[in-house]
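The values are calculated or read from the model by the stated rules, or taken from the named source; none is laboratory data. For clarity, every value in this text was computed on a predicted model and none was experimentally measured. Backbone-built Cβ (ideal geometry, glycine too); neighbour counts: all protein chains shown.
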Amino acid sequence: MHVFLTGGTGFVGRALAQRLRRDGHSVAVWSRSPSSVAGVLGPEIEATGGGDDALRAAVARADAVVNLAGANLFEGRWTVQRKRDLVESRVGLTRRLVHAMAAVERQPAALVSASAVGYYGDRGAEVLDEESPPGGDFLAGLCRDWEDAALRAGDLGVRVATFRIGIVLDPEGGALAKMLPIFRAGLGGRLGGGRQWMSWIHRRDLVELLATAVADDRFRGPFNAVAPAPVTNRELTAALARAVGRAAPFAVPAGALRLGLGEAAGALLASQRVVPGRLCGLEWPFAFPRLDGALAAVLSGERRPATDLRFGRRR
Ligand SMILES: NC(=O)c1ccc[n+]([C@@H]2O[C@H](COP(=O)([O-])OP(=O)(O)OC[C@H]3O[C@@H](n4cnc5c(N)ncnc54)[C@H](OP(=O)(O)O)[C@@H]3O)[C@@H](O)[C@H]2O)c1
């Protein structure tokens, strides 16, 4: 199968690209700087990028498309321009992808597209499955528009699966790469009151899901890509402190977060108790259903070379 991947140079995309290659697929990665792709992913992964003609050419060859691109939420304050970038890099690119699909003779069989648990907004202790309505804040609107843009490919006969991804855990990037040094230094602590629910997934589980969804017809429509056991920020803080063997006595007051990060602080303080209702319906075998096991794997995995992304036995 030939898979066309946007966001393939990112934290999740890198692991997925390697995984798809190991499964015997050919992979082309769309990047704003195609010349850097070989350096990140190795020479077996094809690199492409550019305008809509290049996008159409890439889509025309694809048996499936995986869409993970998106500007980082925490690089800079959410000015009007930054919000535009966050939207354009997700919703804009997804719309361009679907337009490209409409323009080619042979559509890909599947579009697997990222979304985020931010879809649900700030919901206290409410248990949220895929049937729960979306929230009303900026991120919720962004996720809804992102999913809607992807679902339009369904009108072309393409099978579309969207994944509302929780906090992805792996030491190579994402939240943990930022948190681990702080916790190791004994400077860890909860965010705000720490009562907000945080929904997470180990990167290996996410990659397994995305790689499966590329070719598995059971994946259609929205899926919560989270482990079955979300935790409060207080619990996450305690588990991480335990895992690194240090105390985490501090608390960053919500006001200080808002002062430092502006509106983006809302993404750290929002409470999202998300469960993988549809994955449980499929009896999806999570390798890391519980946080302690995921963190133990994360910490032991740190000693592996970054390129060795082979999956171990399921535990
Ligand atoms: N990591 C998480 O915890 C998490 C949680 C929920 C949802 N997600 C979503 O899952 C997707 C993958 O996450 P990730 O952590 O792998 O993201 P990432 O490491 O930040 O990488 C995303 C990729 O998007 C591309 N990109 C960055 N800024 C862009 C821009 N302004 N315009 C167009 N493309 C841009 C980059 O590719 P090039 O530089 O090659 O163009 C980058 O490699 C993202 O859409 C993210 O929002 C992630």
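Structure notes:
- Those residues of region 44-53 which are over 20 Å from LEU111 (Cα atoms) and surrounded by 14 or more Cβ atoms within 10 Å (Cβ to Cβ), in sequence order: none
- ALA110 fulfils the conditions (1) small (Gly, Ala, Ser); (2) surrounded by 22 or more Cβ atoms within 10 Å (Cβ to Cβ); (3) within 13 Å of the ligand (Cβ to nearest atom) except for a single criterion, (3).
- Scanning region 54-69 turns up at least one residue that is crowded, with 16+ Cβ neighbours inside 10 Å, more than 9 Å from the ligand (Cβ to nearest atom) and under 17 Å from the mean Cα position of the chain (by Cα).
- Of the residues making up region 77-91, those that are surrounded by 15 or more Cβ atoms within 10 Å (Cβ to Cβ) and over 19 Å from the mean Cα position of the chain (by Cα) are TRP78, ARG82.
- A Cβ distance below 6 Å, combined with a sequence gap of six or more or placement on separate chains, defines the contacts here; from region 1-22, residues that are without any contact (Cβ under 8 Å) to a residue 40 or more places away in the chain reach residues that are among the small types (Gly, Ala, Ser) and near the ligand (Cβ under 10 Å from one of its atoms) in the pairs THR9/SER31; ALA17/GLY8.
- Residue in region 201-210 that is part of a strand (DSSP E or B) and within 26 Å of ALA64 (Cα to Cα) present: yes
- Condition met for ALA100 (modelled with pLDDT of 95 or more, over 19 Å from ALA265 (Cβ atoms) and in contact with a Leu (Cβ under 6 Å, 6 or more places away or on another chain)): yes
- Only one entry of ARG204, ARG220, ARG242 meets the criterion of being more than 22 Å from ALA140 (Cβ to Cβ), among the basic types (Lys, Arg) and within 16 Å of the ligand (Cβ to nearest atom), and that entry is ARG204.
- Within region 100-193, strands (runs of 3 or more DSSP E) holding 2 or more residues that are touching a strand residue (DSSP E or B) at 6+ places or on another chain (Cβ under 7 Å) and of a type in the set (Val, Ile, Thr): 159-165, 167-169
- Search result, residues across region 1-43 that are surrounded by fewer than 17 Cβ atoms within 10 Å (Cβ to Cβ), more than 8 Å from the ligand (Cβ to nearest atom) and either closer than 16 Å to ALA58 by Cβ or not hydrophobic (A, V, I, L, M, F, W, C) (or both): MET1, HIS2, ARG21, ARG22, ASP23, GLY24, SER26, SER35, GLY39, GLY42, PRO43
- Beta carbons closer than 8 Å, at least 6 apart along the sequence or on distinct chains, pair a first residue in region 144-167 that is on the phi > 0 side of the Ramachandran plot with a second that is outside any helix (DSSP H, G or I) and more than 12 Å from the ligand (Cβ to nearest atom) for GLY157/GLN107.
- Being under 21 Å from PHE219 (Cα atoms), under 19 Å from the mean Cα position of the chain (by Cα), within 15 Å of the ligand (Cβ to nearest atom) and of a type outside the set (A, V, I, L, M) is a property that does not hold for GLY135.
- Selection from region 34-43 of residues that are closer than 14 Å to LEU5 by Cα and not hydrophobic (A, V, I, L, M, F, W, C): PRO34
- Condition check for LEU128 on (1) under 19 Å from LYS83 (Cα atoms); (2) buried (at least 24 other Cβ atoms within 10 Å of the Cβ); (3) away from the ligand (no atom under 14 Å from the Cβ): one failure, at (1).
- Top-ranked residue of region 174-202 - restricted to ones that are touching a residue at least 40 places away in the same chain (Cβ under 8 Å) and of a type in the set (Lys, Arg), ranked as nearest to GLY255 (Cα to Cα): ARG190
- Any chance THR94 is of a type in the set (S, T, N, Q), in a helix (DSSP H, G or I) and buried (at least 22 other Cβ atoms within 10 Å of the Cβ): yes
- Among residues of region 246-257 that are assigned to a strand (DSSP E or B), those with a beta-carbon under 6 Å from a residue that is of a type in the set (D, E, K, R) and at pLDDT 95 or above at least six positions away or on a different chain give the pairs ALA251/ARG190.
- Region 52-95, residues that are over 28 Å from PHE138 (Cα atoms), out of contact with any Ser or Thr (no Cβ under 9 Å at 6 or more places or on another chain) and free of Cβ contacts under 8 Å to residues at least 12 places away in the same chain: ASP53
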